[in-house]
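Readers should treat all values here as calculations from the given coordinates under stated rules, not as data from a laboratory. Being a predicted model, the structure only gives us computed values, none of them experimental. Neighbour counts are summed over all protein chains in view; Cβ atoms, including those assigned to glycine, are modelled from backbone coordinates with ideal geometry.
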Amino acid sequence: MNFKPAQLESFCKSPDPAVKCIVLYGNNEGEISMLCKKCVEAVCGSTDDAFHYCTLQMEDISKDGGEVYAEFHSQSLMGGRRVIVVQNADNNLTPLLKKMLPETASENLLILTSTTFKKTSALLVWGKERSDILLVGCYEDRETDIPADAAAMLQAKGLKIDNATLQVLCARLSPDKRLNQSEIDKLEMYMGERKIVEIADVQNAVSDVAGANIDDLCYYVAGGKIMKADKMYNRLLKEGEEAATLVRQMEYHFGRLLECMVLLDAGKKFDEIARDFNLMFYRKDDFYKQVKSWNKEQLLSALKMLYECERDCKTTNMPAEECAGYAILRLAKFAAKNNR
């Protein structure tokens, strides 16, 4: 059955022995790693316990999956439930699991982690109808979720932070919860006995781990920053982002510019719109400038171009990366002319 990450954290407080398999999939490797660790600790206490914990790499597993079958049915010499983790799992395990899980009497837990599974993957399609399998999608958090996560991490450490400082902190964090936790840990050590975090503390202790950010790409394109847009686009591709995904995010950004323009024309205040849009404070000025530098007809034309580009990116034998790159440069150059 499909499970949300928050539901899995609740599950870890009292693991149901009827659950035989947990599949952690998606593009957020940090969250996958954290949730996997929590599941292991909830069932067998620690990943250091060789009697109760075993990890396998998919590349080392034979075609029939015999290694997984053997480990899953092995009993610990010390007694108790074991956890077997298969990293980088793929659909080749589907036939084995279809045969093994419905018939098994084993009390052990199998955890599969994967960044390649899609919702249409055979294993996930089969597993979503089963109560003994939990399917947990782990995707990069939207930027609006990062402040809540960061605030919760700080609170857990007894640290206090005001809104302005939290925004500066979030600008340095990434969608990867594991990296963010590491940075918060560093901040805690830097603070020492002090409990109120200030902007200078963030600047001195927290690295800028945000890395390549799709939001940055959108703002560079709509703001006419041609070189930065091109550099960010290529960086995101190297980090594994799909061209069609980047185009969809730009559609979303240009759509919000158009929506903001309509709301302003209707008499709504920009501060109210920014609050409703959950704009970060450091994005507000750039967003407002972009709203003022484009007009409705131009935005509609930009959206039309992006819709056609997304269609081309999804068309067989079309060079998706080249199509998206061309659209990005055209829009960025047009925006640069608007800003002159």
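In loop segments of segment 242-334 as defined by DSSP, the GluC sites (Glu not before Pro) with at most 16 further C-beta atoms inside 10 Å of their C-beta are E242. Our analysis of segment 2-137 gives Rg over Rh at 0.92, with the two radii drawn from alpha carbon positions and Rh computed by the Kirkwood formula. Axis angle, to the nearest 10 degrees, between helix 226-238 and the longest C-alpha principal axis of the chain: 10 degrees.
Annotation for segment 81-141: GluC sites (Glu not before Pro) lying in DSSP loop with at most 14 further Cβ atoms inside 10 Å of their Cβ are E107, E129. Placing +1 on the Cβ of every Lys and Arg and -1 on the Cβ of every Asp and Glu, with no other charges, gives the chain a dipole of roughly 1000 debye about its Cα centre. Each residue of segment 118-135 was assigned a 3J(HN,Hα) from its phi angle through the Karplus curve 6.51 cos²θ - 1.76 cosθ + 1.60 (θ = phi - 60°); the sequence is 10, 4, 8, 4, 4, 5, 6, 4, 5, x, 5, 9, 9, 7, 8, 10, 10, 9 Hz, with glycine and proline shown as x. Legend: ranking of residues S182, S293 from fewest to most surrounding C-beta atoms inside 10 Å; resulting order S182, S293.
Once both labels are positioned 7 Å from their Cα atoms along Cα-to-Cβ, the gap between E67 and S182 label points is 2.6 nm. Spin-label model, S74/K4: points 7 Å from Cα along the beta carbon direction are separated by 3.7 nm. Measuring between their Cα centroids, segment 73-151 and segment 3-72 lie 6 Å from each other.
With only alpha-carbon atoms in the gyration tensor, what are the semi-axes of the equivalent ellipsoid for segment 214-338, in Å, largest first?
The answer is 25, 15, 13 Å, longest axis first.
Note on the chain: dipole from Cβ charges, positive end direction compared against A6, S182, C260; the farthest Cα belongs to C260. Taking trypsin sites (Lys or Arg not before Pro) across segment 225-306, the ones in a DSSP loop with at most 10 further Cβ atoms lying within 10 angstrom of their Cβ are K269. Our helix-only sum for the chain, with -39,500 (n - 2.57) per DSSP H run of n ≥ 4 divided by its residues, gives a mean residue ellipticity at 222 nm of -18000 deg cm²/dmol. Take the Cα of T120, go 7 Å toward its beta carbon, and the backbone nitrogen atoms of segment 304-340 under 14 Å from that spot belong to 314-316. Each of (1) 46; (2) 55; (3) 42 is a candidate for percent of Cα pairs over 28 Å apart; the one calculated from this structure is (2).
Remark: spin-label model distance E239-K269 equals 3.5 nm, labels positioned 7 Å along the Cα→Cβ axis. Of all DSSP bridge pairs formed entirely within segment 2-137, close to 0 percent run antiparallel.
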